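Chemist: Before I ask anything, let me first share the structure, which is written out below as structure tokens.
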Amino acid sequence: MTANVTIRIQEADFDVAKEISALTKGRHDIGAVVSFSGICRGNENGEAIAALTLEHYPGMAEAEIARHAETAMSRWPLNGLAIIHRVGRIAAGENIVLVLTASQHRQAAFQAAEFLMDYLKTNAPFWKREETRDGTSWVEARDHDDAATARWTKS
Amino acid sequence: MKVKYFAWVRERVGKAEETVEPPASVRTVDDLIGWLSERGETYAHAFETPRVIRAAIDHAHVKPDAMIAGAREIAFFPPMTGG
């Protein structure tokens, strides 16, 4: 069977259980699904965060995620994957991003999910603005995210 | 060519997109940043630290030395913070 690939950028929340059943429905070749949900923390370094507002580059965001999905498919034996990224205002405790990877065995699914998340964080054109008591400010990129992405290119 | 700005680059420039006609001497992404920076205070502020600015040509990431000839859309933005 061909791999089932879903990529969506949306304002609405997603239902993790529904997305997993959409990915695996009618198939008996999948032995493992790994699910990663990124959630808006209500606290950053001791400071309360009310919400994040996600801005993205329409067109490029989809294209960039599709490129990473293709790389993951060529690198691991995946039966399918789903990447859903929310945009707009996301309150503390709400979902931001979902990555699902499906494979015959768990190792490929675990590794591909981690690879996709590392690349999403550093290469997909999304920007977070956080709301605190003092106002709003752009979230700064973190060096450890770049380091996490770089390890996938090491031989 | 169309130029787009995102996140704090967009806020500092004061617009999300515009169409520009740089002279032929503007050949690379870096040249374009230099040329845009000369357009006024808001641009100079947006591009004051060129090494932190990321660029994309026609929806794909490029390095500062990438040639801009033939580009339909060039975007400038800060390091990404999605996921």
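Chemist: What is the residue count in segment A:26-41 for residues that are polar (S, T, N, Q) and within 12 Å of residue A:111 (Cα to Cα)?
Modeler: 1
Chemist: Restricted to segment A:131-155, and to residues that are in contact with a strand residue (DSSP E or B) (Cβ under 8 Å, 6 or more places away or on another chain) and away from chain B (no Cβ under 14 Å), which residue is surrounded by the fewest Cβ atoms within 10 Å (Cβ to Cβ)?
Modeler: Looking at the filtered set, the residue picked out is A:133.
Chemist: Has segment A:111-125 got any residue that is more than 10 Å from chain B (Cβ to nearest Cβ) and either at positive phi or loosely packed, with under 15 Cβ neighbours inside 10 Å (or both)?
Modeler: No, that holds for no residue.
Chemist: Take residues that are over 24 Å from residue A:140 (Cα atoms) and within 9 Å of another protein chain (Cβ to nearest Cβ) and tell me which of the strands (runs of 3 or more DSSP E) falling wholly in chain B contain 1 or more.
Modeler: It comes to B:73-77.
Chemist: Also, quick follow-up: Those residues that are in contact with a Lys or Arg (Cβ under 7 Å, 6 or more places away or on another chain), assigned to a loop (DSSP other than H, G, I, E, B) and farther than 19 Å from residue B:82 by Cα, I need them from segment A:15-57; list them, please.
Modeler: Residues satisfying the conditions do not exist here.
Chemist: What are the residues in segment A:28-59 that are touching a Gly at 6+ places or on another chain (Cβ under 8 Å) and of a type outside the set (A, V, I, L, M), if any?
Modeler: A:38, A:40, A:42, A:53, A:56 - these are the residues of segment A:28-59 that are touching a Gly at 6+ places or on another chain (Cβ under 8 Å) and of a type outside the set (A, V, I, L, M).
Chemist: I need every pair where a residue in segment A:1-30 that is farther than 24 Å from residue A:55 by Cα has its Cβ under 8 Å from the Cβ of a residue that is loosely packed, with under 14 Cβ neighbours inside 10 Å and among the basic types (Lys, Arg), sequence separation at least 6 or different chains.
Modeler: Short answer, once both residue conditions are applied: A:1/A:27; A:4/A:27.
Chemist: Right, something else. State yes or no: is residue A:53 over 15 Å from the mean Cα position of the chain (by Cα) and either within 13 Å of chain B (Cβ to nearest Cβ) or within 20 Å of residue A:115 (Cβ to Cβ) (or both)?
Modeler: Here the answer is yes, as residue A:53 does meet what is asked.
Chemist: Also, I was wondering about something else. Identify the residue in segment A:34-50 that is polar (S, T, N, Q) and surrounded by 12 or more Cβ atoms within 10 Å (Cβ to Cβ) and, among all such residues, is farthest from the other protein chains (Cβ to nearest Cβ).
Modeler: A:35
Chemist: May I ask you to list the residues in segment A:58-96 that are away from chain B (no Cβ under 12 Å), part of a helix (DSSP H, G or I) and not polar (S, T, N, Q)?
Modeler: If the condition is that a residue be away from chain B (no Cβ under 12 Å), part of a helix (DSSP H, G or I) and not polar (S, T, N, Q), then A:69, A:70, A:72, A:73, A:75 are the ones that fit.
Laboratory data are not the source of any read-out in this text; all were calculated from the coordinates shown. Source: prediction; values computed, not measured. Here Cβ is always computed from backbone atoms with ideal geometry, including for glycine, and neighbour counts include all displayed protein chains.
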